[in-house]
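Working notes, structure below.
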Amino acid sequence: MKIVPMVAARTDARDRARELRLKGWTYDQIVEEVGCAKSSVSLWVRDLPRPAPNFTSAERARKAARTRWDPVLAEREEHRKRVKEEARAEVGQLSDRELFLVGVGLYWAEGTKDKAYARRERLVFVNSDPDMIRLFMRWLDLLDVPRADRRLSLMIHESADIEGAEDFWADVTGIPRSDFLKTTLKRHNPLTVRKNTGEAYRGCLVVKVAKSADLYRRVEGAWYGIVGGAQWRVDEMSDWPDMQSPVV
């Protein structure tokens with residue numbers, strides 16, 4: 001005896017939900033009005049056209065501003081790409097000397113360095129950028145460092161895809177994952193807000209060169225040679241007549 005009123009009430013709610021949807025109401029608004037579950041409302045009105053977005057005046061203003069700026073932003077992005085491509089093309093093929101000097105600067109910026117209080121005369125390079133690692137490995141090729149003397153290992157947070165990261169770095173370096181040393185896991189701290197997460201996070205690769213004390217000394221000496229050479233250029237240019245600051 002009570003089933004009929006319940007069915008009738010549900011039919012009324014369905015009809016009311018469809019009526020409101022046709023007026024442009026959102027699911028949440030309809031749920032609040034008719035007092036039914038959102039899943040039921042979705043089922044009842046799924047065949048109806050979606051209403052146009054009902055923006056507030058502030059939202060409409062922001063949308064209009066974005067529309068006006070779209071051509072400007074597109075032009076800026078095109079300019080950024082063009083400048084980068086032109087700079088890339090200007091470099092061209094590196095000579096062995098250029099590659100050697102670039103590698104020395106790269107190592108001195110990112111590699112482990114010897115200190116008077118801690119003797120570290122050994123090449124150790126750590127980085128998370130695959131292009132940096134590729135360049136460093138190519139530099140080691142130039143220096144005739146045997147593959148057998150290159151000790152690779154991974155440092156990565158324990159919550160990451162460790163096997164996937166090892167496969168990635170094996171592909172970057174051309175050295176089989178089976179030849180890697182033991183991976184160092186960093187303990188995950190849930191209280192720390194990290195940005196190096198997700199599929200793109202592959203940890204840092206550590207490249208150690210065995211029996212590299214003399215090679216390290218050569219790199220250190222070359223670095224100071226670069227510093228001295230650059231200073232010589234500055235001193236030389238300071239003697240030029242009518243020297244003017246470049247126009248920016």
Next item on the list: Can you pull the one-decimal nm distance between simple spin-label points at Arg82 and Tyr27, each 7 Å off the Cα toward Cβ?
Entry: 4.5
Check: What is the packing order of peptides 32-41, 122-131, 90-99, 220-229, taking the mean over residues of other C-beta atoms within 10 Å and listing the highest first?
Finding: 122-131, 32-41, 220-229, 90-99
Margin query: Which residue, His188, Gln231, Gly105, has the largest displacement toward the positive end of the dipole of region 96-237 when charges sit on each Cβ (Lys, Arg +1; Asp, Glu -1)?
Written below: His188
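Sort 177-187, 150-160 by packing, meaning the average of other beta carbons within 10 Å per residue, with the highest value first.
Going from most to least packed, we get 150-160, 177-187.
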Next item on the list: Quickly work out the Asp149-to-Val227 label distance, labels modelled 7 Å from Cα along the C-beta direction, and quote it in nm with one decimal.
Entry: 2.5
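Using the structure shown, select from Lys182/Lys211; Lys84/Lys113; Lys81/Lys208; Lys115/Lys186 the pairs with a Cα to Cα distance greater than 28 angstrom.
Beyond 28 Å: Lys84/Lys113; Lys81/Lys208.
Every number in this text was worked out from the coordinates using simple rules, so none of it is lab data. Since the structure is predicted, the reported quantities are computational estimates derived from the model, not experimental observations. With ideal geometry, Cβ positions are generated from the backbone for all residues, glycine too; neighbour counts draw on all protein chains shown.
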